[in-house]
Each structure stands twice: as structure tokens, then as C-alpha cells.
Amino acid sequence: MAMIEVSKLHKWYGDFHVLQGISEKVEKGEVLVICGPSGSGKSTFIRCINRLEEYQKGTILFDGKDIHDKSVNINNLRAEIGIVFQQFNLYPHLTVLKNVTLAPIKVKGVDKDEAEKVALSLLERVGIHDQAHKYPAELSGGQQQRVAIARSLAMKPKVMLFDEPTSALDPEMINEVLNVMKDLAREGMTMLCVTHEMGFAREVADRVIFMDGGAVVEQAPPDEFFKNPKHERTKAFLKEIL
Amino acid sequence: MRFDPVIKNFDYFLWGAFPEGPLGGLAMTILLAAVSIFLAFWVGLVFGLMRNSKNRIVRYVAMVYIEVVRGTPLLLLIFWFYFLAPVIVGYSVPELQTTVVALVVFTGAYIAEIVRAGILALPKGQMEAARGSGLSHIQAMRFVILPQSLRNMIPSFVNQFVSLTKDTSLASTIGVLELTRCAEQVSNRTLTAPMEIYLTILVMYFLICYVLTSYSRKLEKQLSRYQARDR
């Protein structure tokens, strides 16, 4: 059974048809990279998966269950799907440690000591355990994004969504974030990444999909995707960004 | 200048006839303001949250309340409650309670607008990050949105609280023995020094408001550590 199964997904913003019938399957442990020009609907697509965006037509199955089924508690669903945003979205009024422990304590009812222990080990894994008691504004962009990843991982999610995680970073900070993501991918995390980091895609993606105009135009394993893009629009896009 | 009526009645300005008689004067003004501020904050918070609700009826109720109150002079609101309250509850309501209700209803509407705007002013990503990690709407509000936005609202709150403190003087019109009413009494009795008397209470009003604004400046500084850089 696929981890995520999207079929015939449609979404409109008013008259604007952002998602025009997307069908996609993501297996457990698969790393999917989604690329495409801005406005192609790629962010909207992954944000539908944890229902941060609502859609009007189609179905999304997560772990075999329709995410709109009445028996699905939206908060429990989201607890199992981590998301990392372009703008980090750390809570500026909380320390790094509290950013990471908030959801486990409040949503899962983990006790504080246990949550902090897990948080510190995750912060160590992303390389910032020595900053645990600082506030987000005292960290660099790359560090903030790594905290955001740790914050998502603290919920022990089955899937991680990345919504352009490196687009807001200074160039010299991109790699520190990508390295964390690569480690995650190698450890078998199921990941959907909207990103233009083609080096990342080559190295760890199982599949790359190219979206344009709200639809999936082309998809292939990374080698094939980069060597032999079939569609004209894909070729034009790759020429722009490589 | 003839300040001897002021000096002779200074304790009356401070706390009325207390402890032999009822509390009044500056003490009553401060009590009135403090109780009203406390209640208005909670009323405003609730209606401000309702104003942002996804439920149309809830939102509409809050909107009507805010619009009606904002279009009504406070003095009329006080009169209105003064005459209406006994009809509703069936027995006479003391002026003090009437005034508190009017001040709370009035200020609550303004606080509600501040709360609504303050919540909308936070980056959308904060709510998304909170909900995205599995927090419920209420938890997200409680732990992520309100702690940040309430801090940003402090200057606007203080503004409103200073207004409220000065507005307590309107209670004198229905006979509450607060600072203005006490001054009126003394002035009417002595007849010789209205200017000096009213100058004295003006300074008193200024002092309470000044204490309020200075305290808020200190509070803002203390609470803004996390914004020290980058924002």
C-alpha cells in the first residue's frame, strides 16, 4: 500500500484553476522532488496533503485512509505529517528548545523531560544542540531552518513535506540544510520536497516530477529526468535553472 | 490663587469620606478604572477572537456589538444603562455597578478591534506552522498566536486604558463619588476656588495616566527580548 495516494486532485482559487487533476503515488521511504516554475501549483499540491490547503475535487489517501474521512482527526493527521516552510516559521517568542517541544507536549502529551531529551538529541542531529536556549532571532537562517526540521521530526512523522526549504536562505547556508535533508532521505524517511536544488534531486531523489500550469507534465527517476527530458516545457525549465 | 479650600479638602479628594463614610475621590477613580480595565480586557479579548471566527454567526454577533458601541457616545451608554438596568433586573442597581458595566461594554469594543487587528498582523506562517504540527486552533491561539500578538498590542491597550481612566469622570453625572464628583461637591460648597480645585484634580488625573504609560513602556521593553534582533 502506498504511503500517499493522490487521485484526480483539483483545486480552484475563485476562478483560477491551480491544480488540474493531479494523480500521484508515493511509496514508503520514497523521496520525491517536485519542481516547476513559480505559480505551477507545486506548493499548493504538497500543502493539500496535510490539509493546510483545502481542495474541491479528488481524493488523497494517507496510509490507506482518505484524509477527508469523518473518522480522521485533522490534528492527528497533521501530527503524522511533518512540514517545513520556506520562511522557517519558528515561533519567535519561544526558545529553540521550546519550539521543538511544544507540539509533542501539547498534541501527543509527552512529558516535558522526555520531550526535551528527544528535542536535544534531534537538535544534535541537525547540529545545533548548543543553541537550544537561544531565541530564533539569534540564529542564522540556515540554523533556523534546521531547527524547523528538528521541530517537525520531534513529532516522529511518517512523512515529511518540504516547501522550498532553501529558497529564503543565503547561498552559503543552503548546504547545511540540504545535508540534513540528505541524511533524512538516506535514513528512509518518506519525503516530498518542492525544491529547485537539482544537486539534491540527483543525489537522493527516487523520482523527480515536473509541474507546470497545475498539472504534472513529466516524471522520471533523476538520471533520466536530467539526461533525457521528454517534454519541451521541461527542457526549457531545466535550461533556465541548470 | 486660593489653595486653602484644596488643602483643607485634600483627603476628601484622595479617598472621599472613607473610612467613616463611603470610599470616594481618587481612590474611587482608581478602583473604578482598575476593575473596568480588568473586565474590559477579557470582554475585548473574547469579542476580538469572535470577530476573527470562521463561524459567520459568531463573527456577526461580534461585529454588531463593536459597530453599535463605536457609534455611541459613552455618556449616553452610561445614562442608558442607568435607566435600563433597573427595568431589566427589577431592582435598582447602584450607580457604581452601572458605571462599570458601561465602561466595560464601551472599552471592550475598542479592545476587541485591537485584538482582531493584532492577530491579523502576525505573519500567516505562524498559524500554519502551529496547525501544521498538529496543534488545534485553540492551542495554536493560546501558545503561539496570542503570546506574540498580545505583546504587540500593549501600546494600543495602554492607549485605551488611559482613555478609560479619564472616562471614569463621566460617572460623576450619575452621582458616583469619584474624583470629579468630589471636586464638584467641594467647589459647590466653597464657591471661591473652582479654578484651583479643578487644576488640582487635573494634575491628579495626569499623574495616574502618566504612571500607566511609564509602566507600559517598561513592560514593552522587558517583553521584547526575543525581538532584539532581526525584527
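Values in this text are rule-based calculations from the coordinates and carry no lab data. What you see is a predicted model, and the numbers here were worked out from it, not measured in a lab. Counting neighbours? That spans all protein chains shown, and the Cβs are built from the backbone with ideal geometry, glycine included.
Tabulated values for the structure
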quantity: Kyte-Doolittle mean at least 1.6 and Cα axial length at least 24 Å: DSSP H helices in chain B; calculated: B:25-51
quantity: Residue-count net charge about A:HIS231 - beta-carbon cut-off 15 Å; Lys, Arg +1, Asp, Glu -1; calculated: 0
quantity: Cα-based shape type of region A:68-166, given that a ≥ b ≥ c are square roots of the gyration tensor eigenvalues and the cut on a/c is 1.5; calculated: oblate
quantity: From phi via Karplus (6.51, -1.76, 1.60), per-residue ³J(HN,Hα) for region A:181-196 in Hz, x at Gly/Pro; calculated: 5, 5, 4, 4, 4, 5, 7, x, 5, 7, 9, 10, 10, 8, 7, 10
quantity: Other protein chain Cβ atoms within 10 Å, averaged over every residue that makes up B:120-131; calculated: 5
quantity: Total charge dipole magnitude, region B:4-226, about the Cα centre, Cβ charges on Lys, Arg, Asp, Glu only, Debye to nearest 20; calculated: 1240 debye
quantity: Unit charges at the beta carbon, dipole of the protein assembly as shown: most positive-side option, B:ILE30, A:GLN20, A:PRO222; calculated: B:ILE30
quantity: Sites A:TRP12 and B:LEU207, calculated FRET efficiency, Cβ-Cβ separation with R0 56 Å, nearest 0.05; calculated: 0.40
quantity: Efficiency of FRET between A:GLU124 and A:ALA168 - r from beta-carbon atoms, R0 22 angstrom, step 0.05; calculated: 0.35
quantity: Interchain or long-range residues, amide H under 5 Å from A:VAL18's placed H; calculated: A:LYS11, A:TRP12, A:TYR13
quantity: Burial ordering of A:ASP183, A:ASP63, fewest other beta-carbon atoms within 10 Å first; calculated: A:ASP183, A:ASP63
quantity: ³J(HN,Hα), Karplus 6.51/-1.76/1.60, whole Hz, each residue of region A:136-142, x for Gly, Pro; calculated: x, 5, 8, 9, 6, x, x
quantity: DSSP-defined beta bridges in the protein assembly as shown - what % are antiparallel, rounded to 5; calculated: 55 percent
quantity: Peptide A:137-145, shielding by other chains (average Cβ, 10 Å cutoff); calculated: 2
quantity: Other-chain or far-sequence residues with amide H under 5 Å of B:PHE18's (modelled H); calculated: B:GLY24
quantity: Using θ = phi - 60° and Karplus 6.51 cos²θ - 1.76 cosθ + 1.60, couplings along region A:233-242 (whole Hz; Gly, Pro as x); calculated: 5, 5, 4, 4, 5, 4, 4, 5, 9, 8
quantity: Rounded to the nearest 20 debye, dipole of the protein assembly as shown from Cβ charges on Lys, Arg, Asp, Glu; calculated: 400 debye
quantity: Exposure proxy ranking, count of Cβ atoms within 10 Å, fewest first, for B:THR200, B:THR173; calculated: B:THR173, B:THR200
quantity: Per-residue average of Cβ from other chains inside 10 Å of A:78-90; calculated: 4
quantity: Cβ-derived FRET efficiency at R0 22 Å, B:VAL68 paired with B:TYR91, nearest 0.05; calculated: 0.25
quantity: Mean Cβ count within 10 Å, highest first, over the residues of peptides B:56-68, A:208-220; calculated: A:208-220, B:56-68
quantity: Long-range amide H partners of A:ILE83 with built H, under 5 Å; calculated: A:LEU161
quantity: Computed helical MRE - 222 nm, chain B, DSSP H runs ≥ 4 contributing -39500 (n - 2.57), nearest 500; calculated: -24500 deg cm²/dmol
quantity: Inter-site label distance for A:SER140 and A:LYS235 at 7 Å from Cα along Cβ, in nm; calculated: 4.0 nm
quantity: Ranked B:VAL186, A:VAL33, criterion: other C-beta atoms within 10 Å, fewest first; calculated: B:VAL186, A:VAL33
